[in-house]
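The values are calculated or read from the model by the stated rules, or taken from the named source; none is laboratory data. None of the values given here were measured: they were computed from a predicted structure. Cβ placement follows ideal geometry from the backbone for every residue including glycine, while neighbour counts extend to all protein chains displayed. Each accessible area value is taken on the protein alone, full model and side chains, heavy atoms only, with ligands, DNA and RNA left out. Shrake-Rupley method; radii C 1.70, N 1.55, O 1.52, S 1.80 Å.
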Amino acid sequence: LFSGLTAMEKKLAEYKCNTNEAIQLKLVRFPEDLEDENTTFNPEYSHQVFGDDEVAFGYKGLKILLYYVAGNLSTLFRIEYTSKVNEKFDCVEADDVESKIREIIPPGFCTNTDDFVSLLEKEVNFKPFGMLLHTYSIHNEEAGEDITYQIYKADMMCPGFREYHERLQTFLMWFIETASFIDVDDERWNYFLVFEKYNKDGATLFATVGYMTVYNYYVYPDKTRPRVSQMLILPPFQGEGHGAQLLETVHRYYMSSPTVLDITAEDPSENYVKLRDFVLVKLCQDLLCFSPVKLMQGFSQEMVTEAQQKLKINKQHTRRVYEILRLRATNMGDAEQSRSYRLDVKRRLIGPYKKKQRELAKMRRCLRPEEMTNQLNQIDLNLQREQLEESFQQLVSDYRRVLERLAQA
């Protein structure tokens with residue numbers, strides 16, 4: 001029985017495919033991109049669609065093709081495989097891959113290449129949605145020229161934007177670990193979009209680069225607090241500085257509004273925090289309250305007020321900006337300066353520990369004899385010192401990376 005089982009198991013194991021590899025994404029500008037392997041990219045995540053194992057069962061050589069026209073994101077969706085298990089012979093059923101994908105992509109996609117190519121020809125009519133906020137250019141080594149990008153603010157009133165956004169948000173599932181689709185009927189959402197301008201047969205076309213959604217929370221009595229919800233730069237464009245351009249543009253957009261209090265973010269990823277550090281430090285470095293002399297005098301209410309009023313930065317983020325700029329102004333080779341900096345940062349870091357300490361002490365007073373408490377506190381303190389030092393070193397290395405990037409900007 002067992003040998004029979006393993007042979008069967010072996011056979012079925014061959015019908016398992018990693019969905020991150022099976023899903024092939026493309027942003028298509030020219031018909032030849034369809035055949036070009038270099039234009040293909042894969043998801044980082046597919047667990048929200050295919051479960052935690054990120055596996056599709058029942059196919060050999062499974063390919064899930066999701067190709068998008070570069071600008072308006074018209075979609076081609078097809079499934080290809082070399083073989084599939086058969087309920088009659090193998091007594092098992094293959095996963096219904098198609099309906100899983102259909103759940104997250106909007107209807108109206110094409111299923112064959114010819115239809116897709118004819119949509120590609122109409123792409124010349126596609127124009128970005130909404131209001132132009134910012135234009136910038138980045139030198140592209142490969143092309144040997146400067147490429148122009150534009151950032152727009154759009155809303156659901158723009159004709160065609162609702163359908164376009166449905167296609168665009170599908171990418172969140174593949175690149176943000178805890179992605180969710182938003183309620184587009186809530187008018188408090190703002191949408192910021194990045195496009196690249198490119199030439200095709202003498203015409204100027206626009207390709208989608210990435211986007212950000214921001215929710216405007218109401219703050220009593222007459223203010224709002226925009227909160228960054230999702231931000232995605234599509235993989236072919238990552239690492240080129242678009243995230244920083246987008247975040248800075250969004251900050252500048254809200255800076256001009258007297259009713260905005262400050263800007264926050266929902267559950268930010270590590271990469272987002274690094275990006276935000278860079279952008280906020282870049283915006284703040286020229287404020288008078290961050291002059292080297294004032295940085296050396298410590299974190300002040302003046303910094304909080306000025307950063308909030310002029311740049312819509314909240315207190316917690318202003319504190320990080322201060323620590324980064326103070327690091328730049330500090331000679332870490334000087335024992336006194338470096339000690340002063342370390343104490344200043346650690347005093348902030350120790351806040352949560354002290355709170356925990358007080359809670360533990362409270363619990364122990366109820367639970368344990370006195371002498372035991374002291375010993376435990378001592379163990380805690382040593383562990384705490386180590387953790388504190390570790391957190392501090394990690395922060396300083398993150399901060400240095402921000403400063404390096406700033407020096408190159």
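Solvent-accessible area assigned to carbon and sulfur over the stretch 144-217 amounts to 44 percent, based on a 1.4 Å probe.
Seen against the Cα atoms of the chain and their longest principal axis, helix 242-255 is set at about 60 degrees. A simple spin-label model places pseudo-atoms 7 Å from Cα toward Cβ; at residue 365 and residue 133 they are separated by 5.1 nm.
Heavy atoms of the protein chains alone define the surface here; on that basis the chain has 55 Å² accessible area per residue at 1.4 Å probe size.
3J(HN,Hα) along the stretch 316-331: 4, 6, 4, 4, 5, 4, 4, 5, 5, 5, 5, 4, 5, 8, 9, 8 Hz, from the Karplus curve 6.51 cos²θ - 1.76 cosθ + 1.60 with θ = phi - 60°, whole Hz, x for Gly and Pro. Suppose R0 equals 51 Å. What FRET efficiency, 1/(1 + (r/R0)^6) with r the Cβ-Cβ distance, do residue 91 and residue 117 give to the nearest 0.05? Calculated transfer efficiency: 0.80. Scanning the chain for GluC sites (Glu not before Pro) in DSSP loops with at most 13 neighbouring Cβ atoms within 10 Å leaves 267-409 as the longest stretch between them. Alpha carbon centre of the stretch 290-345 versus the stretch 98-125: separation in Å? After rounding, the separation between the Cα centres reads 51 Å.
Between residue 393 and residue 358, the contour length at 0.36 nm per residue exceeds the Cα-Cα span by 10.1 nm. Taking 11 Å as the cut-off, the amide N atoms of the stretch 206-227 that come nearer than this to a point 7 Å along the Cα-to-beta-carbon line of residue 266 belong to 213-217, 227. Extension gain, residue 331-residue 83: 0.36 nm per intervening residue step, less the Cα-Cα distance, totals 82.8 nm. Once you reduce the stretch 242-270 and the stretch 171-217 to the center of their Cα atoms, the two points are 15 Å from each other.
The stretch 33-91 and the stretch 148-165 have Cα centres lying 28 Å from one another. Once the Cβ-Cβ distance of residue 162 and residue 200 is raised to the sixth power relative to R0 = 35 Å, the FRET efficiency obtained is 0.85. Projecting label points 7 angstrom from Cα along Cα→Cβ for residue 182 and residue 124 puts them 3.5 nm apart. Only one item in (1) 0.97; (2) 1.23; (3) 1.18 matches Cα Rg over 2.2 N^0.38 Å derived from the coordinates shown, and that item is (2). The long axis of helix 270-284 is offset from the longest Cα principal axis of the chain by roughly 60 degrees.
Taking amide H as placed 1.01 Å from N in the peptide plane, residue 28 has its amide H under 5 Å from the amide H of 68, 69, 70, each at least 5 places away in sequence or on another chain. With every protein chain in place and a 1.4 angstrom probe, the accessible-area ranking of 223, 315, largest first, reads 315, 223.
Each residue of the stretch 132-140 was assigned a 3J(HN,Hα) from its phi angle through the Karplus expression (A = 6.51, B = -1.76, C = 1.60, θ = phi - 60°), giving 6, 9, 7, 10, 8, 10, 10, 6, 9 Hz with x at Gly and Pro. Accessible surface ranking for 397, 74, 1.4 angstrom probe, highest first: 397, 74. Provide the solvent-accessible area of residue 325, counting protein heavy atoms only and rolling a 1.4 Å probe, rounded to the nearest 10 Å². Its accessible surface works out to 10 Å², give or take rounding. Of all the accessible heavy-atom surface of the stretch 13-123, with the other protein chains kept in place and a 1.4 Å probe, what percent is carbon and sulfur? The nonpolar share, carbon plus sulfur, comes to 42 percent.
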